[in-house]
Amino acid sequence: MSKSALITGITGQDGSYLTELLLSKGYTVHGLVRRSSSFNTGRIDHLYEDPHEENRSLVLHHADLSDGVAMVNLLRDLRPDEVYNLGAQSHVRVSFDSPLYTGDVTGMGTLRLLEAIRASGIDTRIYQASSSEMFGAAPPPQNEHTPFHPRSPYGCAKVFGYWATVNYREAYDLFAVNGILFNHESPRRGETFVTRKISRAVARIHAGLQDTLYLGNLEAVRDWGYAPEYVEAMWRMLQHDTPDDYVVATGEAGTVRAFLTEAFAVVGRDWREHVEFDAKYERPSEVDALIGDAGKIETVLGWKPTVLWPDLARLMVQADISALEAELTGATVRIDR
Ligand code: NAP
Ligand code: GDD
């Protein structure tokens, strides 16, 4: 019998790569999609199966992490072998503008899902998308023993979700794990996160469509990995014989300034001629440096990243150049990487 999985946040960057991974392993994948007035399934459209087809391997369901009853009903009906909770208001800067919404969806949403699993009485395993943002002000390198010191409403909400996951493991013997993932990027990364904002701008500047890129703090240090490799880590955590929590990172980090240098070098330009500061992109409290120590997951689960941030910068710029060229020539383009 093939396995089944439910993914919240299936329309996001990680949700799309995880769906591809699980489908390639023969899973039936159920995705939770929130209602929106325009299509929000662009990252998974290439995997879409018509609802009238029989024996579909990808099935989408309308629901929202703010609706606990919908989640109980869904889980009771689907009885998935695995649940991946990737849904969240995931933008740190936005969480300062919408702190209560972020707390509700990113924090309480996790508890609603855990409680829905308990209330529906199903036998399943759950992965919680925890974040290096939980470490916040704690100095690097950070690992599973580093104390949390979140610096944003988003970070606080993720700390809540982390402990709720640990609590349901301890209280109800639920197979529940936290993946503490450091920043991971790809050509499918949301356009307002700094790496993608840079790679898109480089492509547009190169094509003569834009001249200036406005950014905030260039000194922040991040450990950027490659998203397709990180979803493999999520899956491995749920295949292990015991539930546990793992840091997922490359251990190699750079500043936003260094990422800019690498990205603009792809088109032979100097970023200093194009980048201007805009205070609106700064955060009321910043996370200065995140550099992960992923020794545990390498030892226990054999997971090891291969793509480091300079290669990632080049890969993302090249993907955005190709996508823009296709757009300008009217060709349809699919983001394959
Ligand atoms: P993302 O691209 O922003 O995707 C977030 C997903 O959550 C989207 O599918 C979004 O739906 C969905 N969502 C938002 N609000 C929701 C709600 N109220 N109910 C149900 N779904 C909702 O994020 P990502 O980069 O793939 O990250 C996946 C998860 O890992 C997130 O929980 C994030 O916080 C966490 N994380 C990410 C990183 C990273 O560097 N990428 C690192 C550590 C942890 P729409 O498409 O409709 O917006
Ligand atoms: N987004 C953005 N936009 N960030 C900027 C900008 C800008 O114009 N200018 C400078 N930055 C700096 C931010 O201040 C931050 O220090 C760094 O670039 C990275 O910002 P983001 O790409 O928005 O990512 P993040 O580190 O805040 O959060 C991401 O990683 C977390 C894991 O550590 C998100 O994916 C979170 O969901 C994830 O949990």
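The values are calculated or read from the model by the stated rules, or taken from the named source; none is laboratory data. Worth saying up front: this structure is predicted, and the values here are computed from it rather than measured. As a convention, Cβ positions derive from the backbone with ideal geometry for all residues, glycine included, and neighbour counts pool all protein chains shown. SASA here: full protein model, heavy atoms, side chains in, ligands and nucleic acids out. Shrake-Rupley method; radii C 1.70, N 1.55, O 1.52, S 1.80 Å.
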Tell me, how many Å apart are the Cα centres for the stretch 93-143 and for the stretch 255-314?
-> 23
Long-range amide H partners of ARG125, meaning residues 5 or more apart or on another chain whose placed amide H is closer than 5 Å, are GLU82, VAL83
For labels at THR212 and MET1 in the simple 7 Å Cα→Cβ model, what's the distance in nm?
-> 6.1
To the nearest 20 debye, what charge dipole does the stretch 163-251 have about its Cα centre, counting +1 at the Cβ of each Lys and Arg and -1 at the Cβ of each Asp and Glu?
-> 560
In whole percent, how big is the carbon plus sulfur part of the accessible area of the stretch 222-337, probe 1.4 Å, protein atoms only?
-> 48
Solvent exposure of the stretch 186-321 as accessible area per residue, Å², 1.4 Å probe = 42
Report, to the nearest whole %, how much of the accessible area of the stretch 1-131 belongs to carbon and sulfur atoms, 1.4 Å probe, protein only.
-> 49
Ignoring everything but the protein chains, give the 1.4 Å probe accessible area of ARG43 in square angstrom, nearest 10.
-> 70
Regression test value, accessible area per residue of the stretch 58-146, probe 1.4 Å, units Å², expected 39
Can you find, among TRP271, LEU113, ASN167, the residue farthest towards the positive end of the dipole of the chain? Put +1 on the C-beta of Lys and Arg, -1 on that of Asp and Glu.
-> LEU113
How do LYS25, LYS197, LYS158, LYS280 rank by accessible surface area computed with a 1.4 Å probe, from largest to smallest?
-> LYS280, LYS25, LYS197, LYS158
Please give, to one decimal in nm, the separation of the simple spin-label points placed at THR242 and THR255, each 7 Å out from Cα toward the Cβ.
-> 4.3
So what are the ³J(HN,Hα) numbers for the stretch 297-314, from phi and the Karplus equation (6.51, -1.76, 1.60; θ = phi - 60°), rounded to whole Hz, Gly and Pro as x?
-> 5, 5, 5, 7, 10, x, 8, 8, x, 10, 9, 9, 4, x, 5, 4, 4, 5
Could you tell me which of HIS46, SER285, PRO99 has its Cα farthest along the dipole of the chain towards the positive end, charges placed at Cβ (Lys, Arg +1; Asp, Glu -1), taken about the Cα centre?
-> PRO99
C-alpha center-to-center spacing [the stretch 1-63, the stretch 162-214] in angstrom | 19
Per the 1.4 Å probe, what fraction of the accessible area of the stretch 145-203, in percent, lies on carbon and sulfur atoms?
-> 52
Could you rank GLU115, GLU53 by how accessible they are, 1.4 Å probe, largest area first?
-> GLU53, GLU115
Angle in degrees between helix 256-265 and the longest Cα principal axis of the chain, rounded to the nearest 10 = 60
How much of GLU144 can a 1.4 Å solvent probe reach, expressed as accessible area in Å² and rounded to 10?
-> 40
In nm, the gap between the two label points placed 7 Å beyond Cα toward Cβ at TYR101 and SER57 is 3.6
What does the charge dipole of the chain about its Cα centre add up to, to the nearest 20 debye, if the Cβ of each Lys and Arg holds +1 and the Cβ of each Asp and Glu holds -1?
-> 240
